[in-house]
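Quick note: the coordinates plus some simple rules give every number you see, no bench work behind them. As the structure is a prediction and not an experimental result, all values here were calculated from the model. Virtual Cβ from ideal backbone geometry, glycine too; neighbours counted across all protein chains shown.
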Amino acid sequence: MDFDLSEEQRLLKDSVEGLLNDGYDFEQRKKNIAAKKGWSDDAWKKFAEQGLLGLPFAEADGGFGAGAIETMIVMEAMGKALVVEPYLATVVIGGGFLRHGGSDAQRQAHIPSIIDGSKTLAFAQLEKNSRYDLGDVATAAKKKGSGYVISGEKFVVANGETADTFVVTARTKGGQRDRAGVGVFLVPADAKGVRAKGYPTQDGLRAANVTFEQVEVGADAALGDPENGLPLVERVVDEARIALCSEAVGAMDESLKTTIEYLKTRQQFGQNIGKFQALQHRGSDMFVALEQARGITMYGTMAVSYDNAEERATAIAATKVQVGRSLKYIGQQSIQLHGGVGMTMEYKIGHYFKRLTMIESTFGDADYHLRRIAAQGGLFKN
Amino acid sequence: MDLSYSKEEVAFRQEVRDFFKTAVPAETRKKLQEGRHLSKEDMVTWQRILNKKGWAVPHWPKEWGGTGWDAVKLYIFNEELQLAPAPQPLAFGVNMLGPVLFNVANEEQKKYYLPRIANLDDWWCQGFSEPGAGSDLASLKTKAERKGDVYVVNGQKTWTTLAQHADWIFCLVRTDPNAKNRQSGISFLLVDMKSRGITVRPIITIDGGHEVNEVFFDNVEVPVANLVGEENKGWDYGKFLLGNERTGIARIGASKERLRRIRQLAAQVQSGGKPIIEDQRFLEKLTAVEIELKALEMNQMRVVAGEKHREKGKPDPASSILKIKGSELQQATTELMMDVIGPFAAPANTGESDGSNELDDWTTMIAPGYFNYRKVSIYGGSNEIQRNIIAKAVLGL
């Protein structure tokens, strides 16, 4: 048992934190958000130069063959800096589908342009009525010749208006909520019948509602088994959940640090407000919440490589529950302890709160995951 | 980073588990599972079984009977002990006094006391808290005046756990009332409970149990040879001792064991025509506790694995998390137990288990267990004190 990072992992941590410390402060982030895409090409290029975009891909595919711990390191650093560029959508999720489900040809067609930063991806999954159920898919993929015709509407697709390629879940057979019959397809953003309507999200990122109207794709668009793609979706989304939890740990860490700094400088009644025990104890409880989230995120990160899909899913669901509880407490209290200034758009603490809040409702909130684990008899049933 | 146990550690766990399986006396195991109090004899018998095996004081230096296990193995040993369940060796001797002795006592004291602690020949209790000195321990008033070869001790200690069984008590006493601050002028004394002038009075707690006592000192004469370390340096030794108390206080293994019993009981108790273990609301509450416990277990392991990077004897400030969350979760498990037993928590057990009382069923221990466990967020530095520690030592407030 060893909680230390390896030499390479420490180097990675130093370099990604160094990159973001130097070139990604709160003012820079505002500029990136104001850019045409809603994120910065320049920052993206730097991520590519540092090798961050190629991290999880196999060496044979041109990547570095890094694992879940490396993704945890990167996402935590991105959480600290509140990065708005589409790393999760492109590298973790889009890349995850290609790594776990892509054929040789699909990997060769897409991975090099992810690694060099020239292309980004988006995951078109959420539907009007699906909420957190990944198997609830109404979008249809009808067989036509050797290919498919995709029709349906997807919502809150992160990076949806700027992605070059969509990874789309669509049903090839069965009823709307059947486990079998979910397919996963690669669809070019410029394919005929694809329409993306973009908008900003509450946390400073951007998303789109994407309509697929009779979009024709070839047989080579299907990732994995088009009639049984749900296990692939679950695997990739589990990795995305853990990446989000790591991002949340970074954002919580920075929220707490910022809040404590404020307690040490803000004067009222002739002293730093951090001298008041009521506020000290609140800070201590935030620290406990942060460490509980950090501890279980390590557990979830290790679970990414479990062979047994059910054990993996349970461990990651447990992680999302704990992180959800912690982020709510830390997010809310960080605003409370800042008082009025925490309410202002100008000050950074509120932006952490907003990002944390959106993470909670991405790919299942604490209640959803708690219910999932409870439904199978709890975490320690064996 | 590798969060799995090595092959050697897995084998070690199995070895410990196998030993506990046969070595714990059946009656003792049953009492622990049912949440009953152990007798002095139960504790002594168990400690001698461990001592014979060479596992009485695994965390001590080898020359005094330690095993040389690293922090991970010590953690595994302790977790298996709690899971078995087996009695936790009496902390006052092996965890609290022992390390003070082998760090600051003289050779003669070490040679005499340490082996007797390991074998539980001497039952030790702790004389720190006083009626006016709880969280604010430095305000203690019990005084020891040097008169020739003895200290004459006068005063009162309280919350003295299991003093009714004790042969000895280690005390913080004030030896210099004129010291420049309250922390100076305190000494660490070993006092024979058979000394003339000691009176032990039981305190019955809300669960009806007799764990704690008041101990009165009326002109008790203590040989000067029973002073540990230097006179007036006792505060430092006491602080060191309390730091040791915090590690292992999370009792994660014990909470896991109680969760196992909760599941067993919940499979038997009916609610709405089905076992309560199938009730969605109950399962969600149970799962929520399990998830927090899992997170805490990871943090416990982080503290344990990080031990190799820390200066010896300096506890990780993060261990305050273990105290806060560990105690809250121990309490949460006793609360879940109450949820399961529902209205049948009410009947109280009037006598010791003599088999004559039809209510003399282990479920009568559930409510007392719930009442009793309110103590865990109070002792060992209350959870509010732990928050002060985090605010100061970690957050720098």
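Look at where the Cα atoms of region A:21-40 and of region B:202-241 average out, and the two centres are 62 Å apart. The amide H of A:Phe3, built 1.01 Å from its N in the peptide plane, has B:Asp2 as neighbours under 5 Å, considering only residues 5 or more places off or on other chains. Across q = 0.08, 0.17, 0.19 Å⁻¹, region B:146-299 modelled as identical point scatterers on its alpha-carbon atoms has Debye log10 I(q)/I(0) values of -0.43, -1.02, -1.17, in the order of the q list. How many angstrom separate the Cα center of region B:47-69 from the Cα center of region A:336-382? About 46 Å separates the Cα centre of region B:47-69 from the one of region A:336-382.
Taking only alpha carbon atoms, region A:222-354 gives an Rg to Rh ratio of 1.14, where Rh is the Kirkwood radius. Amide hydrogen proximity for A:Gly160: with H placed 1.01 Å from N in the peptide plane, the residues at 5 or more positions away or on another chain lying under 5 Å are A:Ala208. The string of couplings for region A:296-305 from the Karplus curve (6.51, -1.76, 1.60, θ = phi - 60°) is 6, 5, 5, 4, x, 5, 5, 5, 3, 9 Hz, one whole number per residue in order, with x for Gly and Pro.
Taking a straight line from the alpha carbon of B:Lys141, these aspartates and glutamates sit under 15 Å away, with near neighbours fewer than eight places off in the same chain left out: B:Glu130, B:Asp176, B:Glu214, B:Asp218.
When you look at the Cβ of every residue in B:384-390, what mean number of other chain Cβ atoms sits within 10 Å?
For peptide B:384-390, the averaged partner shielding equals 4.
With angles folded into 0 to 90 degrees, how steeply does helix B:7-23 sit against the dominant principal axis of chain B? Use alpha carbons for both and round to 10. Orientation of helix B:7-23: about 90 degrees from the principal axis.
Taking only the Cα atoms of region B:36-173, the ratio Rg/Rh comes out at 1.00, with Rh defined as the Kirkwood radius.
Couplings 3J(HN,Hα) of region B:380-395, computed from phi: x, x, 4, 4, 6, 5, 4, 5, 4, 4, 4, 4, 7, 7, 9, 8 Hz, in residue order, whole Hz [Karplus 6.51 cos²θ - 1.76 cosθ + 1.60, θ = phi - 60°; x for Gly and Pro].
Counting only Cβ charges, +1 for Lys and Arg and -1 for Asp and Glu, the dipole size of region B:247-394 around its Cα centre is about 920 debye. When the listed pairs B:Lys233/B:Lys323; A:Lys37/A:Lys119; B:Lys194/B:Lys375; B:Lys73/B:Lys111; A:Lys354/A:Lys381 are checked against a 24 Å cut-off, the alpha-carbon distance exceeds it for B:Lys233/B:Lys323; B:Lys194/B:Lys375; B:Lys73/B:Lys111; A:Lys354/A:Lys381.
Derived scalar couplings between HN and Hα for region A:42-57 equal 5, 4, 4, 4, 5, 4, 5, 4, 7, x, 5, 6, x, 3, x, 7 Hz in order, rounded to whole Hz, by the Karplus curve 6.51 cos²θ - 1.76 cosθ + 1.60 (θ = phi - 60°), x for Gly and Pro.
Helix A:349-360 axis versus longest C-alpha principal axis of chain A: approximately 40°, rounded to the nearest ten. Shape annotation for region A:245-299: C-alpha extents along the principal axes are 44, 17, 8 Å, from largest to smallest.
Using alpha-carbon pairs under 8 Å, 6+ residues apart, how would you state the relative contact order of chain A in percent?
Relative contact order comes out at 15 percent.
When the charge dipole of the protein assembly as shown is built from unit charges on Cβ atoms (+1 for Lys and Arg, -1 for Asp and Glu) and taken about the Cα centre, the candidate among B:Gln33, B:Phe188, A:Phe276 whose Cα reaches farthest toward its positive end is A:Phe276. Between A:Glu227 and B:Arg374, the distance separating the two model label sites (each 7 Å from Cα on the Cα→Cβ line) works out to 6.4 nm. Using only Cα positions of region B:174-221, each an equal point scatterer, no hydration layer, compute I(q)/I(0) via Debye at q = 0.25 Å⁻¹ and quote the log10 values to two decimals. For the requested q values the scattering log ratios are -0.91.
So if the hydrodynamic radius of region B:247-394 is defined as the Kirkwood radius over C-alpha pairs, what does Stokes-Einstein give as its diffusion coefficient at 4 °C and 1.567 mPa s, in µm² per second?
76
With all distinct Cα pairs included, what does the Kirkwood hydrodynamic radius of chain B come out to in Å, to one decimal, could you say? After inverting the mean inverse Cα-Cα distance, the result is 22.5 Å. Neighbouring Cβ atoms from other chains, within 10 Å of the Cβ of residues in A:1-7, number 6 on average. Hydrodynamic estimate: the Kirkwood radius of region B:232-333 over Cα pairs, inserted into Stokes-Einstein at 20 °C and 1.002 mPa s, corresponds to D of 137 µm²/s. With all pairs of separate Cα atoms included, the protein assembly as shown yields a Kirkwood hydrodynamic radius of 29.3 Å. If the reach is capped at under 17 angstrom between alpha carbons, list the aspartates and glutamates near B:Lys392, excluding any in the same chain fewer than eight residues apart. Filter leaves A:Glu261, A:Asp285, A:Glu291, B:Asp136, B:Asp316, B:Glu384.
Based on the alpha-carbon gyration tensor of region A:122-226, what equivalent-ellipsoid semi-axes (square roots of 5 times the eigenvalues) come out, in whole Å, largest first?
So the three semi-axes of region A:122-226 are 22, 16, 10 Å.
Between the helical axis of B:71-83 and the longest alpha-carbon principal axis of chain B there is an angle of about 60 degrees.
Highest mean packing comes first when the peptides B:197-207, A:135-145, A:363-373, A:115-125 are listed by Cβ atoms within 10 Å, giving A:115-125, A:363-373, A:135-145, B:197-207.
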